[in-house]
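Right, one structure below, let's go through it.
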Amino acid sequence: MNQQTRDLFLSSLWPIVHGAITGTIPLAVVSFAIGLVLALVLALMRLSSRAWLSGGARAYISVIRGTPLLVQLFVIFYGLPSIGLIIDPWPSAVIAFSLNVGGYGAEVIRAGILSVPKGQWEAAYMIGMSHRRTLTRIILPQAARVSVPPLSNTFISLVKDTSLASLILVTELFRQAQKVAAFSQQFMALYLEAALVYWVICLVLSTSQSALEKRLDRHVAR
């Protein structure tokens, strides 16, 4: 790496990190939070004995998992205006990512709930707990421990997938790298720098995942 490239690398580091702080991370956190709520609703719908609820959730999950995230993003940002629904870039990205997380997360949460032994339900009913209270106080805490690793992987993937938002002009980490690269014409150095920042973020998230798993261990029946 020559001196010019090194200077460019250092001078562009803050704009890229700033893009991560103000764009990538908020976009990922907001989308994941909304998507997680949607995933829980869909998971409970899938477990419902009512055919129209379980069928509707199954159809939604099938569509989300069977179509590319990029296509979903383009449908919302470029497709909806054709029917009169114009949504700004950042909300469009949040909607697309949230819907995507909801589709994938629903199956993770459903599997977590099903992993809890049926005896837990029966014991709760025997001491007079309602279905809702059993679910929130007994089942979901145990299901959370099982669901944390795959949901964490979903969040880490989402952080990387936010780079797709640059295609609809959302200013985030990769968009900042593109701007600097277009100005300097040093595409290799700037894209490698962006990759390094993504890697550091994901490394921090992986460490946080391990800490969260240990904290949730107390909810696991021994």
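Can you give the Rg to Rh ratio for the range 41-135, taking only C-alpha atoms and Rh from Kirkwood?
Values: Rg = 17.7 Å, Rh = 15.5 Å.
My calculation of the ratio gives 1.14.
Provide, as a two-decimal number, the C-alpha radius of gyration of the range 17-57 over 2.2 N^0.38 Å, N being how many residues it has.
Values: Rg = 15.5 Å, N = 41, 2.2 N^0.38 = 9.0 Å.
Relative to the 2.2 N^0.38 Å estimate, the range 17-57 comes out at 1.72.
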Shape descriptor, the range 143-222: equivalent ellipsoid semi-axes (Cα gyration tensor, sqrt 5λ, whole Å, largest first) stand at 35, 12, 7
The range 84-184: spread of alpha-carbon positions along the three principal axes, whole Å, largest first, is 68, 34, 16
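Using helices alone, I'd like the mean residue ellipticity at 222 nm for the chain: each DSSP H run of four-plus residues gives -39500 (n - 2.57), total over residue count, nearest 500. Before the final figure, lay out each step's value.
Numbers: 10 runs with 165 residues, N = 222.
Estimated from H runs of four or more residues: -25000 deg cm²/dmol.
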Simple spin-label estimate for Val41/Leu85, 7 Å along Cα→Cβ, in nm, reads 1.4 nm
To the nearest 10 degrees, the tilt of helix 173-184 (Cα long axis) against the first principal axis of the alpha carbons of the chain is 10 degrees
One computes Rg over Rh for the range 3-219 from alpha-carbon atoms, with the Kirkwood Rh, and obtains 1.07
Note: the range 75-127, point scatterers on Cα, Debye, no solvent; log10 I/I(0) at q = 0.13, 0.20, 0.28, 0.29 Å⁻¹ equals -0.54, -0.75, -0.98, -1.00
Of 93-104, 137-148, 72-83, ordering from highest average Cβ density within 10 Å down gives 93-104, 137-148, 72-83
Scoring only Lys, Arg, Asp and Glu (+1, +1, -1, -1) among other residues with Cβ under 14 Å from the Cβ of Arg58 yields +3
Subtracting the Cα-Cα distance of Ser130 and Ser54 from 0.36 nm times their residue separation yields 25.2 nm
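Every number here is computed from the coordinates shown, using simple stated rules; none is lab data. No experiment lies behind these values; they were computed from the predicted model shown. Ideal geometry is used to build each Cβ from the backbone, glycine not excepted, and the neighbour counts take in all protein chains shown.
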